[in-house]
Amino acid sequence: DPTRSGLLIHPDHVPTQGDTEAEAMVMAADVLALALMDYVDRGVALPKPKVHRGARYRTVRLPALISAKAELYSTFLQAGIGKAELARRLGIPRTNVDRLFDFQHQSRLDQIEAALAALGKELSLNVVPMMRQSSPVRRSS
């Protein structure tokens, strides 16, 4: 709605807005997850994150499970194997492999860890301070 005031955030040129920065960031994470899922659906490599500096830029963080799935998908592509081979290594049906890459499916963390282990990797988590939500951002017109 062009008459609605709010905050506008552009994750990689995809606009999202909210009445507060926190709301806009949640929406930006949703849009980013959908954009990355499109890459997965098309079977192409995920783009590398870009680092932007300056007061008008914000880092959009994805939920931990989606981040783990994105890393698993990138590792899978780098391994150069097919889904059937990953399923064989895990001893699961191929459809279960599809679910591991589906950002909307609530896979268990141990399943992600097992898939990464089958690709010669392990999952490592970091706990970091929360991002500040009260910083000013560019207002939409």
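The values are calculated or read from the model by the stated rules, or taken from the named source; none is laboratory data. Owing to the predicted nature of the structure, the values given are computational and were not obtained by experimental measurement. Cβ placement follows ideal geometry from the backbone for every residue including glycine, while neighbour counts extend to all protein chains displayed. Remember, those area values only see protein heavy atoms, side chains included, never the ligands or the DNA or RNA. Shrake-Rupley method; radii C 1.70, N 1.55, O 1.52, S 1.80 Å.
With respect to Ala35, is the statement that it is in contact with a Pro (Cβ under 8 Å, 6 or more places away or on another chain), farther than 24 Å from Ala24 by Cα and not in a loop (DSSP other than H, G, I, E, B) true? Spelling it out, it is not the case that Ala35 is in contact with a Pro (Cβ under 8 Å, 6 or more places away or on another chain), farther than 24 Å from Ala24 by Cα and not in a loop (DSSP other than H, G, I, E, B).
Checking each residue in segment 103-114 for being open to solvent by less than 50 Å² (accessible area, probe 1.4 Å) and either assigned to a loop (DSSP other than H, G, I, E, B) or more than 12 Å from Leu65 (Cβ to Cβ) (or both) picks out Phe103, Ser107, Ala114.
Within segment 39-75, restricting attention to residues that are within 25 Å of Leu86 (Cβ to Cβ), small (Gly, Ala, Ser) and in a loop (DSSP other than H, G, I, E, B), the residue that is least open to solvent (accessible area, probe 1.4 Å) is Gly43. Does segment 90-98 include one or more residues that are part of a helix (DSSP H, G or I) and either touching a residue at least 60 places away in the same chain (Cβ under 8 Å) or open to solvent by less than 20 Å² (accessible area, probe 1.4 Å) (or both)? Within segment 90-98 (the criterion being part of a helix (DSSP H, G or I) and either touching a residue at least 60 places away in the same chain (Cβ under 8 Å) or open to solvent by less than 20 Å² (accessible area, probe 1.4 Å) (or both)), the answer is yes, since at least one residue qualifies. Of all residues being in contact with a helix residue (DSSP H, G or I) (Cβ under 9 Å, 6 or more places away or on another chain) and open to solvent by less than 20 Å² (accessible area, probe 1.4 Å) in segment 12-35, which is modelled with the highest pLDDT? Just the residue, please. Among them, the one singled out is Ala33.
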